[in-house]
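Participant: First, the structure itself, so that you have it in front of you.
The values are calculated or read from the model by the stated rules, or taken from the named source; none is laboratory data. As the structure is a computational prediction, the values presented were derived from the model and not from experiment. Cβ coordinates were reconstructed from backbone atoms using ideal geometry, including for glycine residues, and neighbour counts include every protein chain displayed. Keep in mind that these areas ignore ligands, DNA and RNA; they rest on the heavy atoms of the full protein, side chains included. Shrake-Rupley method; radii C 1.70, N 1.55, O 1.52, S 1.80 Å.
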Amino acid sequence: MNQETKRQKASDSLTNEHSPLPKISVSELINFYNLTSDLLVVYDLEWRIINVNSSAERLFGYSPEELIGVNSKNFIHPADRDDAIKIIETNIGMSTPIVNTSRIMCKDGSYKWIKWNSVPVLEDERVFAIGRDITEKIKLEQELKTSVDKTNQFLERITDYFLSVDKNWTIEYLNQNVLDLYKSDYNLNESKDDWIEQKLWDKLSRETNKEFYASLEKALKQQKPINFTAKSSLNHWFEVNAYPSGNGLTIFFRDITESKILAEQLRQSEETFRITFHDSPTMISINSLPEGRFLDVNPKWVEVMGYQSQQVIGQLPSKLNIGVKLFDGKTITEKIRDNEIVKNEKIKMVNVKGREIIGLLSAVPIQIHKRKSFLVNIVDMTDYYNLENEILRLERLNLIGQLAAGLGHEIRNPLQTIRGFLQLLENKYKNEKDYFDLMISELDRANHIITEFLSLSKNRPGNPKRLDINKIVTTLFPLIQSKAFLEEKDVHLELNASSDIVGDEKELKQLILNLAQNGIEAMQPRKMVKIRTFEEGSHLTLAISDQGKGIAPEIYSKLGTPFLTSRADGTGLGLAVCYSIAERHNAKIDVETSSEGTTFFVKFPINQR
């Protein structure tokens, strides 16, 4: 230890004996000087470094020995040098510390940001400076600025409208889209400065934007994100997404006015289609391409065809056995696939009850949810064609009636004469009795046919009076039942009609017997015929049902035509007589047939006098 150090220690010891607080020793000061993490530099007014602590080596890689005597200007970044020199030299006479920031070159050529607190001491021609490394802080600030700039660029480039507010509804930021929106609607030429630091509801009235305010207030109070659509005072529809934080709200909103208009137009279009499709008086179906599966059917289609919609959707027409074919033999799907025009094509179909449906079909290709399909519209013309056939049938009946009236008596008289002579000859030639009986039987049969034939020419009931149809059926029941029992079949009655009808009892009995006999003969053994009476509105209905195989389509379309029969021993006049009797009683005959049986409905008017 040198003498100077000893003297300093002795001085320090004497001082400490008379001072309430110990003084800092030179060694302690040196330790503090070297141990502090801040950079301590002393340089003269020529910027030559006089002293520097060991932090220089930690910060810049230079040892104190490498720095002492070197001009400190050489270490300042060229871009910062002039400003750093100017601020020191301009304020060197001031008593307050000089604060500035500059980049200092490290030994490896890199630079660090240093914040300086400098105190010039003119009498010593020294500048005492403390430097703190703020490189990381500057770097973070730059990254933050870059991030903010990128965010702002993003917010300015997005098509959405954006603004942020603090918890007091003060606008902190908004993008140009918001300004452009108000400029176009209100003709306001305002800048962002006119909005930032302003209250949001000073710019957007709470009264005219109540839905916006209520939803945003809820998001801010509950601190939960919210999504909603609302119509603004600008008559724009917006979809709004608001994201709350402890400091306020970030709000994105998108103009969906055009989408709303298109959605409304689509809704109206779909509603129009729904009304057209579901409430149409014609049969409409939508089928897939290329296979032709049913995608949907309207209520009229269900009503006419008798299927439930769930039975039809997803099925092929061929699987349902409805027989949809055009009269040229092609299917609708084939025509649509071949880009052929399908308009008012005559078709035949069979409904679930086996009834033939005749219609005019038109079809056009469409797309449903980007799926190729075609829409089929069928006008049910069955009644029209049935009426047309009925007119033709009546014309034929009228012609036959005229022929029967003219020829019936002329034929019956010779037959009666022949029958009489055969009976006389039978007594003379008793050994040939069997032959005579056969000839007389055949003459009786011919006479019966002529009698029925003549009945076709009648125009009105022979002896009309008020009748109880139930009594007539009950009277005939034993006769009908006995015929059924002979063939191992059964007959069941359900008589619920309570009103009388006006008619000829003999003709009505013939009508009932003919229909019941047809039903019995159409069935296999151990099957049943059901005879019902009931009332529907202004009509009393007689229904006779069998459990046969149904009527073939080629016969069904010609029912009531004289001499039309499917039985080898039939005359073909029984059903024609029934239609003729029904016509004379102002009644209508409807027929429902399927593979499970056939029902004839004879509908009589109740209030007829």
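Participant: Would you point out which residue out of T135, T159 is among the polar types (S, T, N, Q) and in contact (Cβ under 8 Å) with a residue 40 or more places away in the chain?
Facilitator: Sole residue among the options that is among the polar types (S, T, N, Q) and in contact (Cβ under 8 Å) with a residue 40 or more places away in the chain: T159.
Participant: Taking Q608, is it open to solvent by 20 Å² or more (accessible area, probe 1.4 Å), part of a loop (DSSP other than H, G, I, E, B) and modelled with pLDDT of 85 or more?
Facilitator: Criteria not met by Q608.
Participant: Please name all residue pairs, on different chains or six or more residues apart, with Cβ atoms under 8 Å, provided the first residue is in segment 80-93 and is open to solvent by 70 Å² or more (accessible area, probe 1.4 Å) and the second residue is part of a helix (DSSP H, G or I) and of a type outside the set (G, A, S).
Facilitator: Short answer, once both residue conditions are applied: R81/K73.
Participant: Moving to a separate point now. From the set of residues in segment 549-581 that are of a type in the set (A, V, I, L, M) and farther than 24 Å from T474 by Cβ, which is modelled with the lowest pLDDT?
Facilitator: Checking each candidate, the answer is A568.
Participant: Just wondering, is there one or more residues in segment 317-338 that are touching a residue at least 40 places away in the same chain (Cβ under 8 Å), open to solvent by less than 30 Å² (accessible area, probe 1.4 Å), outside any helix (DSSP H, G or I) and touching a helix residue (DSSP H, G or I) at 6+ places or on another chain (Cβ under 9 Å)?
Facilitator: No, every residue in segment 317-338 fails to be touching a residue at least 40 places away in the same chain (Cβ under 8 Å), open to solvent by less than 30 Å² (accessible area, probe 1.4 Å), outside any helix (DSSP H, G or I) and touching a helix residue (DSSP H, G or I) at 6+ places or on another chain (Cβ under 9 Å).
Participant: Something else now. So which residues in segment 495-508 are surrounded by fewer than 16 Cβ atoms within 10 Å (Cβ to Cβ) and either free of Cβ contacts under 8 Å to residues at least 40 places away in the same chain or more than 17 Å from T474 (Cα to Cα) (or both)?
Facilitator: Those that are surrounded by fewer than 16 Cβ atoms within 10 Å (Cβ to Cβ) and either free of Cβ contacts under 8 Å to residues at least 40 places away in the same chain or more than 17 Å from T474 (Cα to Cα) (or both): N496, S498.
Participant: Quick check on segment 359-379. Is at least one of its residues of a type in the set (G, A, S), part of a strand (DSSP E or B), at pLDDT 75 or above and surrounded by fewer than 18 Cβ atoms within 10 Å (Cβ to Cβ)?
Facilitator: Yes, segment 359-379 has at least one match.
Participant: Please pick out the residue among I411, I440, I449 that is open to solvent by less than 100 Å² (accessible area, probe 1.4 Å), assigned to a helix (DSSP H, G or I), closer than 30 Å to S580 by Cα and at pLDDT 75 or above.
Facilitator: Within the list I411, I440, I449, the selection yields I440.
Participant: Looking at I313, I286, which one is surrounded by fewer than 16 Cβ atoms within 10 Å (Cβ to Cβ) and of a type in the set (V, I, T)?
Facilitator: None of the other options fit; the residue is I313.
Participant: If the Cβ limit is 6 Å and pairs must be 6+ apart or interchain, which residue in segment 550-575 that is open to solvent by 50 Å² or more (accessible area, probe 1.4 Å) pairs with which residue that is modelled with pLDDT of 70 or more?
Facilitator: So the pair list comes out as P553/E356; L564/K558; S566/I555.
Participant: Out of everything in segment 414-437 that is open to solvent by 70 Å² or more (accessible area, probe 1.4 Å) and among the charged types (D, E, K, R), what residue ends up being farthest from the chain's Cα centre (by Cα)?
Facilitator: My answer is K428.
Participant: Please give the number of the condition V302 fails out of (1) without any contact (Cβ under 8 Å) to a residue 12 or more places away in the chain; (2) open to solvent by 40 Å² or more (accessible area, probe 1.4 Å).
Facilitator: So the condition that V302 fails would be (2).
Participant: Report, by residue number, each residue of segment 67-87 that is on the phi < 0 side of the Ramachandran plot and outside any helix (DSSP H, G or I).
Facilitator: I68, V70, N71, I76, H77, listed by residue number.
Every residue, every condition in (1) within 14 Å of K167 (Cα to Cα); (2) open to solvent by 50 Å² or more (accessible area, probe 1.4 Å); (3) in contact (Cβ under 8 Å) with a residue 60 or more places away in the chain, yes or no:
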| position | (1), (2), (3) |
| --- | --- |
| W201 | yes, no, no |
| L204 | no, no, no |
| E217 | yes, no, no |
| A242 | yes, no, no |
| F253 | no, no, yes |
| A263 | no, yes, no |
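Participant: Mind checking which residues of segment 139-173 are in a strand (DSSP E or B) and not polar (S, T, N, Q)?
Facilitator: Y161, F162, L163, V165, D166, I171, E172, Y173
Participant: Give the residues of segment 184-199 that are modelled with pLDDT under 75 and surrounded by 13 or more Cβ atoms within 10 Å (Cβ to Cβ), sorted by residue number.
Facilitator: Result: D185, single match.
Participant: Has segment 171-179 got any residue that is closer than 27 Å to S55 by Cα, touching a residue at least 12 places away in the same chain (Cβ under 8 Å) and surrounded by 15 or more Cβ atoms within 10 Å (Cβ to Cβ)?
Facilitator: For segment 171-179, residues closer than 27 Å to S55 by Cα, touching a residue at least 12 places away in the same chain (Cβ under 8 Å) and surrounded by 15 or more Cβ atoms within 10 Å (Cβ to Cβ): absent.
Participant: Could I ask something else about it? For the subset of segment 108-136 comprising residues that are assigned to a loop (DSSP other than H, G, I, E, B) and exposed (fewer than 13 other Cβ atoms within 10 Å of the Cβ), which member is nearest to the chain's Cα centre (by Cα)?
Facilitator: The selected residue is S110.
Participant: Filter segment 156-177 for residues that are under 35 Å from the mean Cα position of the chain (by Cα) and among the aliphatic types (A, V, I, L, M) and give the result.
Facilitator: Passing the criteria: only I158.
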